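A.B. asks: Have a look at this one before I ask anything.
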Amino acid sequence: MKRKITLKDIARELDVSISTVSKALKNSEEIGRDTKERIQAFAKLYNYKPNNIAISLKNKRTKNIGVIIPDIVHHFFTTVFRGIEKYANEKGYNVIVCVSDESFDKEVINMEMLANGSIDGFIMALSAETQKRNDFNHLKEVTEQGIPLVLFDRVTDEVVCDKVIINDEQAAYDAVKKLIDSGRKRIALFTTENYLGVSSKRADGYFSALKAHKIEIDENLVLQLPFQFENEDKSEAFFKSRSFDAVLCVNEIFAVRAMRMAQSMGKRIPQDLSIIGFTDGILSKLSSPSLTAVAQHGIRMGEIAAKMLIEKVESDREQENFRTEIIQATIIERESTIH
């Protein structure tokens, strides 16, 4: 009897990527004929079964939900998970959580591991690497099998499913407007790579607010940092070479680091420099001074995502209707801005 193999096994044995294996097994035109035939033959030899979860879902419910988050360091994702678990438990469902660690391969492996008949559906936020690669084949495969999927925060238009997001662009606009209304004219933006959708939308809100208030856009005041940057050389050089009186940061880690950098250079917050960051997590509350933050309401987002998924799981409707829920972010004023 041949052993049961996974996408990862096939990819390793044939020295190709997991994405290539997945696409080849779906007979995608993106994969060359020779490679496709080699992968399909290997999968057939070892009796690879990609659709076992779909068969299981048709026959019974497990009362388990699979959740995949990109990171456990960011407070936001832990609050979303808390909201998912709270609602799911109230409805009699258990939650199994996996962390993709911002890796495309781990995201695929996690989905495959959970899609073995042990869960009724997925709730997840896309990993950074998945967004960078712009490869969503593994998600499309899940939805095509009829497995309910809800994406939150980091989503894509490439996958047709339910989604929960905040009004990122408007929230950034409102944050910049608050800085302008307090008298700030030279407002910097600390953001991530453009392929991260939420950061891109927040950057759009930043630029829109400056234009609306007739403040000249200075690209030199935009600092783009790796989403997992470990050293502060780049931000230190930015502080030393530019003059600005406020900063909008796309997450609270960037914001707290900016605050620390400014203080090390003798700047007073908020007198010399006002700072606003997204998330409103533990760092925002405990930093000194405390951080004015854009609250993303993670617990609420998690509850809505769980509600949407469970409704899909328990629905008997043949026709699928999908929707995107938009949560309105709010600004929590603290000591890092002038009120």
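A.B. asks: With charges only on Cβ, +1 for K and R and -1 for D and E, what is the dipole size of the chain about its Cα centre, in debye, rounded to 20? Working shown, then result.
C.D. replies: Working: 48 positive and 50 negative charges, 89 e Å.
That gives a dipole near 420 debye.
A.B. asks: Moving on to the next point. Can you give the Rg to Rh ratio for the chain, taking only C-alpha atoms and Rh from Kirkwood?
C.D. replies: Value, to two decimals: 1.04.
A.B. asks: Okay, moving on. What residues have an amide H closer than 5 Å to that of residue 329, excluding those fewer than 5 places away on the same chain, when H is modeled at 1.01 Å from N in the peptide plane?
C.D. replies: Result for residue 329 returns 167.
A.B. asks: Still on this structure: For segment 168-296, what does the alpha-carbon gyration tensor say about shape, rounded, prolate or oblate, given a ≥ b ≥ c as the root eigenvalues, a/c under 1.5 as rounded, and a/b over b/c as prolate? Walk me through the intermediate numbers first.
C.D. replies: Numbers: a/c = 1.22, a/b = 1.13, b/c = 1.08.
Here segment 168-296 falls in the rounded category.
A.B. asks: Kirkwood hydrodynamic radius of segment 77-122 from all distinct Cα pairs, in Å?
C.D. replies: Numbers: mean 1/r = 0.0858 Å⁻¹.
This gives a value of 11.7 Å.
A.B. asks: Which lysines, if any, have their Cα less than 24 Å from the Cα of residue 178, not counting same-chain residues under 8 positions apart?
C.D. replies: 201, 211, 214, 267, 285
A.B. asks: Which lysines have a Cα less than 22 Å from the Cα of residue 63, not counting those fewer than 8 places away in the same chain?
C.D. replies: Straight-line reach from residue 63, under 22 Å: 86, 91, 163, 307, 312.
A.B. asks: Compactness ratio of segment 1-50: Cα Rg over 2.2 N^0.38 Å, N = residue count? Display every interim value, and only then the final one.
C.D. replies: Details: Rg = 9.9 Å, N = 50, 2.2 N^0.38 = 9.7 Å.
Here the answer is 1.02, to two decimals.
A.B. asks: Round to the nearest 10 and give me the degree value, 0 to 90, for the angle of helix 75-90's Cα axis relative to the longest principal axis of the chain.
C.D. replies: Taking the Cα atoms of the chain, the angle to 75-90 is about 50 degrees.
A.B. asks: Please report the antiparallel percentage of DSSP beta bridges with both residues in the chain, rounded to the nearest 5. All intermediate terms of the calculation are to be shown ahead of the outcome.
C.D. replies: Numbers: 3 of 37 bridges.
In the chain, DSSP labels about 10 percent of beta bridges as antiparallel.
A.B. asks: Have a look at 331, 203, 74 and report the one farthest towards the positive end of the charge dipole of the chain, computed about the Cα centre with Cβ charges (Lys/Arg +1, Asp/Glu -1).
C.D. replies: 74
Readers should treat all values here as calculations from the given coordinates under stated rules, not as data from a laboratory. In this text, all values refer to a predicted model and were calculated from it rather than measured experimentally. Every residue, glycine among them, receives a Cβ derived from its backbone with ideal geometry; neighbour counts consider all protein chains shown.
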